[in-house]
Every structure is written in C-alpha cells, then in structure tokens.
1. Run Asp615 past the list (1) of a type in the set (D, E, K, R); (2) more than 23 Å from Ser479 (Cβ to Cβ); (3) in contact with a strand residue (DSSP E or B) (Cβ under 9 Å, 6 or more places away or on another chain) and report the number of the one that doesn't hold.
2. Which residue is modelled with the highest pLDDT, if the candidates are limited to the range 564-584 and must be surrounded by fewer than 24 Cβ atoms within 10 Å (Cβ to Cβ) and among the hydroxyl-bearing types (Ser, Thr, Tyr)?
3. Considering Ile523, Ile536, which residue is aliphatic (A, V, I, L, M) and closer than 19 Å to Asn607 by Cα?
4. Taking only the range 51-65 into account, find how many residues are more than 12 Å from Ser40 (Cα to Cα), open to solvent by less than 60 Å² (accessible area, probe 1.4 Å) and in a helix (DSSP H, G or I).
5. Look at the range 483-506 and say how many of its residues are within 30 Å of Asn581 (Cα to Cα) and out of contact with any helix residue (DSSP H, G or I) (no Cβ under 7 Å at 6 or more places or on another chain).
6. Arg604 - would you say it is without any contact (Cβ under 8 Å) to a residue 24 or more places away in the chain, among the basic types (Lys, Arg), farther than 29 Å from Gly501 by Cβ and surrounded by fewer than 20 Cβ atoms within 10 Å (Cβ to Cβ)?
7. Mind checking which residues of the range 264-300 are of a type outside the set (S, T, N, Q) and open to solvent by 70 Å² or more (accessible area, probe 1.4 Å)?
8. Quick one: what pairs do we get from the range 502-519, first residue under 14 Å from Ile536 (Cβ atoms), second buried (at least 18 other Cβ atoms within 10 Å of the Cβ) and among the charged types (D, E, K, R), C-beta under 7 Å, 6+ apart or different chains?
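The values are calculated or read from the model by the stated rules, or taken from the named source; none is laboratory data. These numbers come from a predicted model, not from an experiment. Note that we place each Cβ from the backbone using ideal geometry, even for glycine, and neighbour counts take in every protein chain shown. Heavy atoms of the whole protein, side chains included, go into the accessibility calculation; ligands, DNA and RNA do not. Shrake-Rupley method; radii C 1.70, N 1.55, O 1.52, S 1.80 Å.
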Amino acid sequence: MSARQPHPTVPVFALLLWGAIFGTLINLPVTIGVNIVFGSIFAILALLLWQQWWGLIIGVIAALVTWVAWGHPWGTIIYVLEITWLSVATNRESKAQERVINDRIILHDLTFWLLIGIPLTFVFYHVFLDVDLTPTTLIALKQAVNGVLNTLMAVLMVLVYRLWIRPRPDQSVSIRTAIFAFGLLALLTPSLITWALSANQLVKVSQRDELNNLITIAHASRSLPDSFLNDKGSNFWIGRERIAIERERKGSAESSQAKILKANSNPALFRLLDRQYVDDSAKYVTQKGLTLLIPQEGNIPLMKLLNSYWETEVQTLNQDTQRQTGQGTTLANADDVITRVVSPAAPLIKKLQTESLHTFGLLGLLLLVGVLITEQLARLLENEIQKLLKPLLAEPRTELSEESSMLMPTLAVTAISEFATMISLINMRIRRINQLTLELARSRDQMAELSMTDALTGCRNRRDFHLRLGEEVARSRRSHHPLMGILIDIDHFKEVNDRYGHPFGDKALQAVAHAISTGIRAIDYCFRYGGEEFVILLIDCPQDRALLIAESLRLKVKELRISSGDLATSVSVSLGVASLNVDNDDADTFLARMDKALYMAKRRGRNSVVVVSADEDDQ
C-alpha cells in the first residue's frame with residue numbers, strides 16, 4: 001500500500017509558483033536567439049514532492065503568464081502537455097508502489113518529446129507560424145533537450161533533499177534512481193560545459209568579425225564623396241552582404257551657424273530602422289561598439305533576428321576643416337564626421353543557427369544514449385540487489401517464540417528504499433501486532449453494524465432508530481432545521497400471513513422495505529420499527545415536501561406485485577406524517593405524534609396519508 005502523499009504548504013507552493021513563472025521569463029542565452037529556460041523545474045519539483053496534480057496546477061499558471069509574455073500560445077501548449085503527461089504518468093505509478101520518486105519520470109519526459117513534443121513543435125512553428133525549417137528544427141531540439149534537462153535537475157534536487165538534507169523513512173529514495181540520475185548527470189556535465197563554452201565563444205568571435213568588418217567599411221568609405229553615396233542608390237554590395245552607409249558631417253566651425261550635412265546610400269532603410277526597429281544589444285551582443293537592431297513587430301525571437309541589422313557608428317576625421325598654423329597642421333572639429341554602417345544580420349544568424357542545430361543534435365543524441373546507458377546500469381544494479389532481497393522476502397522460518405520476538409528492539413531507519421525494505425522485514429513482528437489490532441477493530445465495527453441492521457429487510461433496526469431519533473431531534477433543535485417523521489404500517493398484513501403463509505409474508509416485507517428505502521432521499525433514514533411497521537426520518541425537509549414523499553411511497557407500494565411461485569398479491573400501506581416542534585418536543589413526543597397520525601390514517605380507511613403538524617397537535 002503506497003504511503004499517503006503530503007499536501008503543500010502555502011509558502012512552499014507560492015515559492016515554487018514564483019520560481020516557475022520567473023524561471024520561464026528569465027532565461028539563459030547559449031547562442032543568439034537560443035535560450036535555456038528553467039520554469040518547468042519548479043513544476044516538476046511540485047509533482048515529485050506532492051504528486052497528485054499540484055505540479056500541473058503550477059505549470060498551467062506559469063504557462064498562462066508566459067503566453068502573455070511570448071505573444072503566441074504554441075510554446076505554452078507544448079509546455080502544458082509535457083507537465084500533464086508527467087503528472088498522469090507519475091500519479092499512475094504512485095498508486096502501484098511506495099516510491100515517492102523514481103527515475104522513470106525522466107524516461108517519461110524523453111518519451112513525450114520523441115512522440116509528441118518534437119512533432120507538435122514542427123506543426124505549430126513550421127505550419128501555423130510559417131517558420132523556416134532550420135529554425136523550427138533548432139527550436140524543437142532546443143525545447144526537447146531543455147525539457148529533459150529540467151526534469152533531470154528536478155529529480156536531482158529532490159534526491160539531494162531526501163538523501164542529505166532531510167532523509168525520511170516514509171519518503172525513501174530508490175538506489176536505482178540515485179544511480180540513474182547521478183550517473184546521467186556525470187555523463188552529461190562535461191558535454192554541457194564544453195557545449196556552452198564553445199557556443200559562447202563562437203558568438204563572440206562571429207560578432208567581433210562582424211564589428212571589424214563594419215569598422216573597416218566605415219573607414220574605407222571616407223574616400224567616397226557625399227555625392228557618390230547619394231547617387232549610388234539603395235545599397236552597396238560587399239561580398240554577399242548588403243551594406244548601407246549614412247554619413248553625418250558638420251559644416252565649417254568658423255561659420256556662425258554650423259550646418260549638418262548628410263550623405264546616405266539608402267535613406268528609406270535608415271528611416272525604417274529609426275521608426276520600426278529597436279536596439280536589443282543588451283540581450284544578444286557581446287562586443288562593445290556593435291549594435292543589433294531588431295523589428296518591433298513579431299513574437300518569435302529567431303524570426304525577428306533574421307530580419308534584424310548589425311549597426312556600428314565610427315567617428316572619423318574631417319579633413320576639410322584642417323587649419324595651417326605656425327607650428328604646422330592642426331585638426332579642427334576632429335569628431336565632426338560620424339559614419340553609420342548597417343548590415344543585415346541574417347547571414348551570421350543563419351550560420352550560428354546551423355552551428356547550434358548541429359550541437360543541439362549531438363547533445364540530444366548524447367542525451368538519448370546517456371539515458372539508455374544509465375538506465376541499463378541502474379537496472380543491472382537493482383537486479384543484483386533484488387537477488388539479495390529475495391531470500392528475505394520469502395516467508396521466514398523462526399524458532400523464536402512470539403514473546404521473544406516482541407522484545408527485540410527495532411532498527412534505525414534509512415533513506416535508501418531497498419535497505420528500508422530489509423529493515424522493515426526485521427521489524428515485521430511489531431507491525432504484525434498492529435495489523436491484528438486493526439483487524440480486531442474492523443471486526444468490532446462490523447459486529448456493531450450488524451447489530452444495527454434488520455436481518456430480513458436490510459433496513460436499520462428499532463435499536464438504531466431510537467439512537468438516531470434522539471440525535472436528529474437534538475440536532476434539529478440546535479439548528480432549527482425542520483425534521484419530519486413518517487410511521488408506515490402495512491394494511492391487513494395479518495391476513496397476508498394467514499392466507500399465503502409466513503414465508504410469503506417475509507417476501508412481502510422485503511418488497512415493501514425495498515420500495516420505501518429506494519423512494520426516499522440519500523440523506524434520509526429508513527427503519528423497521530417492528531412487525532409490519534416502518535419509520536422514516538426526513539432530514540431538513542419541510543412539511544409540504546414530506547407530504548409529497550409520503551404520497552409517492554403510498555403509490556409505489558400500491559403498484560407492487562408480490563409473487564412467489566403460483567401465489568401473487570398486492571398490498572397497501574397507511575402513512576402517518578408528523579413534524580417536530582423544535583422548541584418543545586422531545587423524541588417521545590415526536591414519536592407519539594407520528595403514531596397519532598398513523599392511527600388517523602387507519603381510521604380513514606387505510607391506504608392513505610395523514611399529516612399531523614406540531615401546531616395542530618398543540619391545539
């Protein structure tokens with residue numbers, strides 16, 4: 001039987017929810033446009049700590065926040081599906097075993113990405129959002145690797161907590177899980193570090209080359225006259241990249257009003273950059289002096305980056321403003337010429353995407369192979385331990401007396417579940433006493449239930465009626481909720497017994513009892529009061545509703561056709577309905593009023609319903 005899982009406390013739940021939200025919004029860039037997010041770690045932590053559906057609740061809330069932040073639902077849908085998949089798998093396994101945590105959640109997550117996550121990413125991004133195939137593949141691999149790594153991190157955090165911070169016997173850790181998780185971490189850590197450093201270095205080198213290229217073009221353009229830039233038109237072609245140049249030159253400093261002179265190879269492009277592009281260098285650029293201008297519109301980072309521009313500004317010497325002095329030539333207004341050069345970022349971004357695609361593919365392959373290898377190693381170790389446990393799990397043969405075994409002290413607990421199993425076998429004698437005590441208590445409860453049930457009809461018996469009547473009268477007087485009672489008598493039942501025999505009479509009693517007990521509400525009570533009499537207590541029921549119930553019971557019994565072999569007949573009942581005066585009545589008074597109502601129903605010819613309210617009885 002699996003241990004009952006704890007419920008979250010408000011501070012811990014709020015902390016994990018905060019971590020899931022900000023872990024998704026705050027990410028770690030590994031290359032331009034490719035970031036690692038950590039939000040799912042906290043949702044999976046909640047799933048591992050509390051199981052049930054707490055992790056899914058945290059994941060859905062975090063997904064709604066990221067939906068607003070990202071501007072499209074596709075990534076959040078995949079995120080919610082991943083948490084749902086893991087929640088269903090974990091909850092199903094928790095019902096079958098006592099392990100609170102196991103490595104199979106990593107296998108479940110890897111299976112999700114192979115079967116659902118990666119295909120859905122291609123459908124959402126390539127089909128719905130019209131993202132190119134290369135960025136889509138990169139996004140799919142990145143999300144898959146990111147998801148599995150987050151799951152691994154969550155498992156490792158719980159392992160550290162359970163093994164070293166707060167080990168508890170009721171929340172043990174499988175040695176198979178420890179071997180699998182820590183072995184996979186040891187296998188992946190060197191590759192992750194190498195990959196992160198190489199990706200970061202590649203970005204730096206690529207951006208430095210791009211900056212040097214733009215600076216070289218800016219200095220080379222000094223020899224071009226303004227008229228050449230203005231007449232050249234939309235762009236310059238340098239290699240396969242289109243370069244646009246804008247030069248800003250101040251007029252002579254000796255004039256009273258200095259004029260700003262501009263030369264521009266593509267005025268429309270620079271106006272577009274100034275109006276619809278923003279500087280997002282802080283997020284993507286590592287080189288001082290290089291700026292990345294990305295479009296304001298759009299919600300997919302990789303696609304926005306493909307439409308972005310590199311920019312740099314270079315201050316050059318204005319040779320037209322040199323002056324002759326006695327000491328030689330000096331420069332005036334040396335910083336009055338600013339050359340602005342922009343270049344499309346798409347070629348470099350695509351190159352980095354291709355390199356990232358290769359590295360993510362290799363990392364994903366390494367992750368898959370690592371999971372399979374560590375899974376086999378962990379399973380091998382578990383099988384060896386099970387061989388050791390198998391003789392202990394068999395029925396032990398002991399020569400010690402029961403009294404001697406009870407005097408043996410219990411051993412200390414352990415956080416390793418396999419060792420905990422061995423200790424639990426040694427302590428089995430103590431638990432056996434508790435088990436016998438529980439069985440004795442259950443037998444006592446069953447005997448008490450049988451003593452309150454009528455053996456023939458299955459209704460509650462007269463003894464239980466008097467106990468329940470006192471409790472309900474007291475409750476009604478406290479709460480001032482209406483309490484109604486119906487006393488029922490089968491008409492001319494003695495004639496049925498005399499004419500058809502007592503076995504047939506018993507069958508008639510059973511049929512009437514079934515009709516009455518199934519014709520009342522779930523909160524009401526049906527008792528066999530004695531012989532052919534039954535009592536019904538209607539809880540929180542007004543008088544008009546009680547009258548309708550009584551009339552429906554009369555008709556239901558009237559329609560019964562009781563048969564046994566060749567014998568068949570029908571019966572009717574008389575019903576006396578009474579209400580409780582919550583201010584003055586006790587149980588005996590209330591029962592006497594029901595008896596009075598039944599007597600009046602018989603006086604009226606039987607097969608009828610008579611109501612005697614508390615007010616009428618007082619008059």
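1. Looking at each condition in turn, Asp615 falls short on (2).
2. So in the range 564-584, the residues surrounded by fewer than 24 Cβ atoms within 10 Å (Cβ to Cβ) come out as 564-572, 581-584.
Narrowing the set further to residues that are among the hydroxyl-bearing types (Ser, Thr, Tyr) leaves 564, 569-570, 572.
Values: Ser564: 83, Thr569: 89, Ser570: 90, Ser572: 93.
Residue satisfying both the conditions and the ranking: Ser572.
3. Values: Ile523 fails: closer than 19 Å to Asn607 by Cα.
Of the residues listed, the single one that is aliphatic (A, V, I, L, M) and closer than 19 Å to Asn607 by Cα is Ile536.
4. So the count comes out to 1.
5. Restricting attention to the range 483-506, the residues satisfying the condition of being within 30 Å of Asn581 (Cα to Cα) are 483-491.
Next cut, out of contact with any helix residue (DSSP H, G or I) (no Cβ under 7 Å at 6 or more places or on another chain) only: 491.
Qualifying residue count, the range 483-506: 1.
6. Values: without any contact (Cβ under 8 Å) to a residue 24 or more places away in the chain: yes; among the basic types (Lys, Arg): yes; farther than 29 Å from Gly501 by Cβ: yes; surrounded by fewer than 20 Cβ atoms within 10 Å (Cβ to Cβ): yes.
Answer is yes for this residue.
7. From the range 264-300, those of a type outside the set (S, T, N, Q) are 267-275, 277-280, 282-285, 288-290, 292-295, 297-298, 300; that's our starting set.
Answer for the range 264-300, where residues must be of a type outside the set (S, T, N, Q) and open to solvent by 70 Å² or more (accessible area, probe 1.4 Å): Arg271, Asp274, Arg275, Asp279, Ala282, Lys283, Lys288, Glu297.
8. Partner pairs satisfying both residue conditions: Ala513/Arg528.
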